[in-house]
Amino acid sequence: MIQYKKQYDIVVAGAGVAGVAAALAAARHGKKVALLEKQCVIGGLATSGLVFIYLPLCDGMGRQCTFGIAEELLKLSMKYSPCDLPVAWGGPEGGFTGFNAGNRYQVIFSPAGFTIAMDGALQEAGVDLWLDTLVCAANTNGDGAIESIEVENLSGRGQLSAQCFIDTTGTAALARQAGGAVETMNNCHSPWIIEKSAGKTAYSLEPHLGIKYFRLCNNDNVVSDVLDAKTQTKYLRLTWEESRQFYDEAYANGDDRHTHYPIVLPGMSQLRKVGRIVGKTTLHDGENGKHFDDSIGLYADWRRSDSVWETPYGTLVPEKVRHLLAAGRCMSTENDAWEYFRVIPSAAMTGEVAGTAAALSVEAKCDPADLDVELLRNELRKNGFLFHLEELPGRRQ
Ligand SMILES: Cc1cc2nc3c(=O)[nH]c(=O)nc-3n(C[C@H](O)[C@H](O)[C@H](O)COP(=O)(O)OP(=O)(O)OC[C@H]3O[C@@H](n4cnc5c(N)ncnc54)[C@H](O)[C@@H]3O)c2cc1C
């Protein structure tokens with residue numbers, strides 16, 4: 001039974017990096033925006049998932065590809081963190097870059113610091129943030145358009161109406177609730193832990209924080225089952241088992257539990273590609289360097305240099321459900337293309353695009369699927385966006 005009702009212009013489901021960027025963009029366009037998050041922290045995998053590397057905004061050839069809120073959030077991630085940018089991207093000589101891949105425009109950060117910094121930005125933009133609020137149902141009309149969603153929180157069951165919704169749940173949960181097609185794929189499970197350690201760990205923020213990050217990533221442990229609640233539980237517990245084995249072995253080899261022990265476990269499932277929408281367009285392997293007429297931003301591969309993707313608007317638009325956009329790791333990409341796009345900078349970029357597109361759709365009283373992409377690009381251009389490869393200065397064609 002619905003116990004309360006609220007009305008917004010735009011409702012964003014999931015306050016990971018994509019959701020924060022979407023809400024900021026929509027609110028800065030003067031819209032009344034709700035941002036809903038089932039946890040008690042914002043930032044998703046980038047914060048409660050203990051991921052702490054803001055992957056690059058540049059192509060590894062000295063050219064910045066991604067701009068706007070993605071760059072703003074990268075800088076915000078440093079605000080309450082001890083880490084600096086490489087000199088080539090404006091960092092100080094002798095700065096603390098920690099783990100950093102050469103001279104790419106990327107940074108490591110404190111997840112807790114990033115959380116409080118993003119919250120400051122949301123407050124300033126006037127976003128109505130709801131924490132500890134689970135999006136649990138979508139109400140659609142006969143045309144497959146979402147009219148309202150239902151949430152569960154301390155106030156009970158609520159109904160939130162809006163003209164446009166954005167799925168930034170990381171798992172395409174809202175699209176699925178609305179009857180849209182959702183796909184998954186193989187994953188590997190990998191516990192990232194913050195630990196106290198006197199020994200060697202993968203990536204370290206020491207000496208500034210006096211703690212170390214520890215990453216156990218076994219890419220052989222491929223999760224090939226179809227992901228459901230019990231399968232996810234099974235793999236989460238497997239990561240704890242691996243952690244037990246890691247510490248048991250360390251102690252057997254002489255480490256002391258007084259100086260080497262886990263401090264924080266991730267609060268989110270560390271499966272990377274859980275669920276994504278089936279969009280009007282799906283990005284496939286090898287489509288880096290390909291021209292898309294409806295590109296809404298450039299995004300550089302984080303695994304290799306000189307490999308840039310145009311991002312079709314259609315990857316954010318679900319094939320079936322209306323009044324809905326998706327952004328972040330649940331946008332429509334598959335296989336290796338999903339692997340490239342599932343990370344923090346692309347989540348921020350696509351979040352900004354979705355938030356801006358939602359705001360323009362509300363103004364134009366149209367479905368986001370019917371939005372004039374040139375209108376959207378004109379708006380994004382104001383925030384520095386580039387859309388096609390030939391716009392990158394000095395790039396070979
Ligand atoms: C082990 C691992 C290592 C990684 N390493 C890196 C790295 O080094 N660098 C990098 O850039 N990226 C890395 N990534 C990927 C990256 O962190 C994430 O993919 C990215 O942060 C995704 O952002 P997002 O906003 O799309 O989704 P998410 O971070 O998943 O955010 C979704 C949010 O929605 C909320 N939510 C979900 N369902 C609901 C619901 N029904 N109601 C309300 N709220 C809901 C979730 O609680 C969450 O806060 C890594 C990922 C993993 C798993």
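Could you please report the charge total around Ala364, scoring K, R as +1 and D, E as -1 over all other residues with beta-carbon less than 9 angstrom from its beta-carbon? It would help to have the intermediate numbers written out before the result.
Numbers: positive: Lys365; negative: Glu363, Asp370, Asp372.
Once all neighbours under 9 Å are counted, the net charge is -2.
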Practice task
Can you check what the net charge comes to around Val373, using other residues whose Cβ is under 13 Å from the Cβ of Val373 (Lys, Arg +1; Asp, Glu -1)?
Solution key: -4
Exercise for the section: Could you calculate the contour length gain from Ala364 to Asn383, that is, 0.36 nm times the residue separation minus the distance between their Cα atoms, to one decimal place in nm? Expected result: 4.8 nm
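Let me check I have the definition right: for the chain, take the eigenvalues of the Cα gyration tensor, multiply each by 5, take square roots. What are those semi-axes in whole Å, largest first?
Values: eigenvalues 212, 133, 79 Å².
So the equivalent ellipsoid measures 33, 26, 20 Å along its semi-axes.
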Exercise for the section: Report the residue, chosen from Gly142, Gly289, Gly16, that carries the largest GNM mean-square fluctuation when the chain is represented by alpha-carbon nodes joined by springs under 10 Å. Expected result: Gly142
Exercise for the section: Positive end of the charge dipole of the chain (Lys, Arg +1 and Asp, Glu -1 on Cβ, about the Cα centre): tell me which of Cys188, Ala250, Ser269 has its Cα farthest that way. Expected result: Ala250
Fill in the blank from the handout: Ranked by GNM mean-square fluctuation in the chain (Cα springs under 10 Å), the top entry among Ser155, Ser269, Ser332 is Ser155
Problem - Gained length - Leu154 relative to Glu72, 0.36 nm times residue gap less alpha-carbon distance - result: 26.2 nm
Completion exercise
Listed by chain and number, the residues whose amide H is under 5 Å from that of Lys280, excluding neighbours fewer than 5 places away on the same chain and using placed H, are Val317, Glu319
Completion exercise
The lysines whose Cα lies under 17 Å from the Cα of Lys234, excluding any fewer than 8 residues away in the same chain, are Lys273
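What is the sum of charges around Met331, taking Lys and Arg as +1, Asp and Glu as -1, for the other residues whose C-beta is under 14 Å from the C-beta of Met331?
Details: positive: Arg272, Lys273, Arg276, Lys280, Arg329, Arg342; negative: Asp167, Glu183, Glu287, Asp294, Glu310, Glu319, Glu334, Glu339, Glu352.
Once positives and negatives cancel, what remains is -3.
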Practice task
Using a 1.4 Å probe and ignoring any ligands, DNA or RNA, find the accessible area of Trp240 and quote it in Å² to the nearest 10.
Solution key: 120
Practice task
Determine the gain in length on full extension of the stretch Cys188-Val264; use 0.36 nm per residue of separation and subtract their C-alpha separation, reporting nm with one decimal.
Solution key: 25.3 nm
Practice task
List every DSSP H helix in the chain whose Cα atoms extend 20 Å or more along the helix's own long axis and whose mean Kyte-Doolittle hydropathy is at least 0.5.
Solution key: 344-364
Problem - Bins of 10 Å, starting at 0 and running to the largest distance - Cα pair percent for the range 324-397 - result: 18, 41, 35, 6, 0
Exercise for the section: Quick one: which residues, 5+ away or cross-chain, put their amide H under 5 Å from the amide H of Glu147? H built at 1.01 Å from N. Expected result: Asn139, Thr140, Asn141
Problem - Residue-by-residue Karplus 3J(HN,Hα) for the range 159-171, coefficients 6.51, -1.76, 1.60, Hz, glycine and proline x - result: 10, 10, 9, 7, 8, 8, 10, 10, 8, 10, 7, x, 10
Fill in the blank from the handout: Between Leu386 and residues 5 or more places away or on another chain, the pairs with built amide H atoms under 5 Å apart involve Phe67, Leu298
Handout entry: Of Tyr251, Tyr54, Tyr299, the one that fluctuates the most in a GNM where the chain has Cα springs shorter than 10 Å
Key = Tyr251
Practice task
Starting at the first residue of the range 289-296, write each ³J(HN,Hα) from the Karplus equation 6.51 cos²θ - 1.76 cosθ + 1.60 with θ = phi - 60°, in whole Hz, x for Gly and Pro.
Solution key: x, 8, 7, 10, 4, 9, 4, 10
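For n ≥ 4 DSSP H runs only, could you compute -39500 (n - 2.57) per run for the chain, divide by its residues and tell me the 222 nm figure to the nearest 500? Don't jump to the answer; show the numbers that get you there.
Numbers: 8 runs with 102 residues, N = 397.
Rounded to the nearest 500, the figure is -8000 deg cm²/dmol.
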Handout entry: the range 88-95 - phi-based ³J(HN,Hα) in whole Hz, Karplus 6.51/-1.76/1.60, Gly and Pro as x
Key = 4, 10, x, x, x, 4, x, x
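Of all DSSP beta bridges in the chain, what percent run antiparallel (nearest 5)? The partial results should precede the final answer.
Working: 33 of 54 bridges.
Once the DSSP bridges in the chain are tallied, antiparallel ones form about 60 percent.
The values are calculated or read from the model by the stated rules, or taken from the named source; none is laboratory data. Computed from a predicted model, the values in this text were never measured in an experiment. Ideal geometry is used to build each Cβ from the backbone, glycine not excepted, and the neighbour counts take in all protein chains shown. Ligands, DNA and RNA are excluded from the accessible area calculation, which covers all protein heavy atoms including side chains. Shrake-Rupley method; radii C 1.70, N 1.55, O 1.52, S 1.80 Å.
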